[in-house]
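Let me give you the structure first, and then I'll get to my questions.
The values are calculated or read from the model by the stated rules, or taken from the named source; none is laboratory data. These numbers were taken from a predicted model, which means no experiment stands behind them. Note: ideal-geometry Cβ built from the backbone for every residue, glycine included; neighbour counts use all protein chains shown.
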Amino acid sequence: MEVMDDQKLILEVNGEEKEFDVLFTFTSEDTGKAYIGYTDNTTTKDGRKNVYYSSYDPLFGPEKLEKVTNPSEVEMIRDVLQEIDRSAKDVWWYI
């Protein structure tokens, strides 16, 4: 079960509903898919935030999320994450 508004995503994980914060969404003209990045705000041992991502059919919305396994799609999502990270640092710098 996936329920999403502009800020939150609720997924069933191991039989339990878990809430995630939506970090970004975008649609790729190259793949015809939409992508969503989200986090449960947990961190790794080195202090980095755990970020997850999935794809979905933009015509039907994020009702059915799919795992992203294609290496070129993964690379595209990583590029988006790096750009978001750079933008966030730029904003912080100018505040």
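Residue-wise test of (1) within 15 Å of Met76 (Cα to Cα); (2) assigned to a strand (DSSP E or B); (3) aromatic (Phe, Trp, Tyr).
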position	(1), (2), (3)
Glu12	no, yes, no
Thr25	yes, yes, no
Glu29	yes, no, no
Tyr38	no, yes, yes
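Scan Thr43, Thr27, Thr69 and give me the residue that is touching a strand residue (DSSP E or B) at 6+ places or on another chain (Cβ under 8 Å) and closer than 22 Å to Val13 by Cβ.
Working: Thr27 fails: closer than 22 Å to Val13 by Cβ; Thr69 fails: touching a strand residue (DSSP E or B) at 6+ places or on another chain (Cβ under 8 Å).
Going through Thr43, Thr27, Thr69 in turn, just one is touching a strand residue (DSSP E or B) at 6+ places or on another chain (Cβ under 8 Å) and closer than 22 Å to Val13 by Cβ: Thr43.
Next question, about the same structure. Identify the residue in the range 14-23 that is part of a strand (DSSP E or B) and not acidic (Asp, Glu) and, among all such residues, is modelled with the lowest pLDDT. Steps first, answer last, please.
In the first step, residues of the range 14-23 are kept if they are part of a strand (DSSP E or B); the result is 16-23.
Now narrow it down to the ones that are not acidic (Asp, Glu): 18, 20, 22-23.
Details: Lys18: 92, Phe20: 93, Val22: 90, Leu23: 87.
Per the criteria, the residue is Leu23.
Of the residues Asp79, Asp30, Asp46, Asp90, only one is at pLDDT below 95, within 13 Å of the chain's Cα centre (by Cα) and surrounded by fewer than 11 Cβ atoms within 10 Å (Cβ to Cβ); which? Show your work before the answer.
Values: Asp30 fails: within 13 Å of the chain's Cα centre (by Cα); Asp46 fails: within 13 Å of the chain's Cα centre (by Cα); Asp90 fails: within 13 Å of the chain's Cα centre (by Cα).
Step by step, each of Asp79, Asp30, Asp46, Asp90 is checked, and only Asp79 is at pLDDT below 95, within 13 Å of the chain's Cα centre (by Cα) and surrounded by fewer than 11 Cβ atoms within 10 Å (Cβ to Cβ).
Out of the range 64-73, which residues are assigned to a helix (DSSP H, G or I) and either surrounded by 12 or more Cβ atoms within 10 Å (Cβ to Cβ) or at pLDDT below 95 (or both)?
Taking the range 64-73 as the starting set, the residues that turn out to be assigned to a helix (DSSP H, G or I) are 71-73.
Within the range 64-73, just Glu73 meets the criteria.
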